[in-house]
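Bear in mind that the values in this text are calculations on the coordinates, not laboratory data. Nothing here was measured: the structure is a model prediction, and the numbers come from that model. Every residue, glycine among them, receives a Cβ derived from its backbone with ideal geometry; neighbour counts consider all protein chains shown.
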Amino acid sequence: MGHGTVQSLKRGGATTFNHLVALAEDPSVQGRSALASSVGGLTLASAPEMSAAETKTVDQIIHHILRDAESAVRRALADRLAREPDAPPEIIRKLARDEISVAEPILRWSPVLDDPTLVEVARHASLRHRLAIAARPALSAPVVDALVEQDEESVILAVLGNAGAVLSDEAADAIAEAAKDRPSYQGPLVAREDLPKPVVEMLVTWVSAALRDELVDRYGFDVSAGQNGKAPIVDVDSLLASRPNKGEEAWAREVVDTLEEHDLLTTRIALDLLKEGEVMVFEVALARLAGLSLQLCRRVLYESGLECLAVACRGAGFADADFAALVVLVQPSNPFRAGESLDVRQSALRYFNEADSEAIDRIMIAWRRTTTPIPPSQVPA
């Protein structure tokens, strides 16, 4: 239906109304599709020629289409309203929540669709709904956050490739962290023009030389000279490769010192080092992050139960997902945990998430006075 037809519908008064009623009485799919297109072409708020009763009837027709009509008919209505700035918001929201064959044009193009509805659909609908949202010409930071938190590669790649998507600092950081294990993110992430400085400074420590050069050119800082008066940014891989001919523990301490000097000593980097087989560097990093002795941390890792490990990781600032990953990584090295069941690990994760912060602080204070971890239940309240 062309623009002229739409305008004639708006001007048609009783003719328009009678035409809609006639289409509503046609039970065929073709008739229903024609009805949807005709109703979609009529902006209710701008049709003063219709009486209140006629307007109410048209409204009932639209809701009937949304409730009972075949998906092809609802799609015809969605196609007609998708780019209309005056489309009724309630109708647009209902179409956005429909099955993807109906919702797609609304999710991709509707200027009426508000952020709360987009966030709701992103969190509760299907992957294809999220892909349609990710293709919108503009995406606010809350909508991008809702898409990124689902952790779906195709959706995140679509967001990264969308120049109209606003990345919050949290979303950029989450994608950058995930990019270490998902190389497909790295090129599109580096190509963004809006990365926060901390994310850029983290990326240059481990992306390929070509991507690092691209970052340096795009964000205009000298890797060799550092940023904002800090020491020069280091390449973690190069740092680990320069293993000197000295004691392993002394070298591990130097690595951790260097990471700390460059603000790179984080729980995620510590966990990545353990995954790469740098066990001693991880031990020293955990001790530094938690403020505990190296001897006590080793006993927590290899001689104690999971509650002790949960306390140390809470004290070091681990996220729950990283703590869960650490449990799996250290379990084979701890004879004490050889027979631990999934239930025991889940119980430890609940303790990690639910333990009172003041209780964790008390235990950490007690541990800092000793080299042997006191069981959490034995630390005085």
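Observations on the structure shown:
- For Ala165, the residues whose modelled amide H falls within less than 5 Å of its own, excluding neighbours fewer than 5 places apart on the same chain, are Leu139.
- Stretch gain in nm, segment Ala163-Tyr219, where the contour uses 0.36 nm per residue and the Cα spacing is subtracted: 18.5 nm
- 3J(HN,Hα) along the stretch 298-309: 5, 5, 5, 6, 10, 10, 10, x, 5, 5, 5, 5 Hz, from the Karplus curve 6.51 cos²θ - 1.76 cosθ + 1.60 with θ = phi - 60°, whole Hz, x for Gly and Pro.
- Label point at Thr372 placed 7 Å out along Cα→Cβ; residues across the stretch 275-303 whose backbone nitrogen lies under 19 Å: 292-303
- Estimated distance in nm for a label pair at His124 and Asp194, the labels positioned 7 Å out from Cα along Cα-to-Cβ: 2.7
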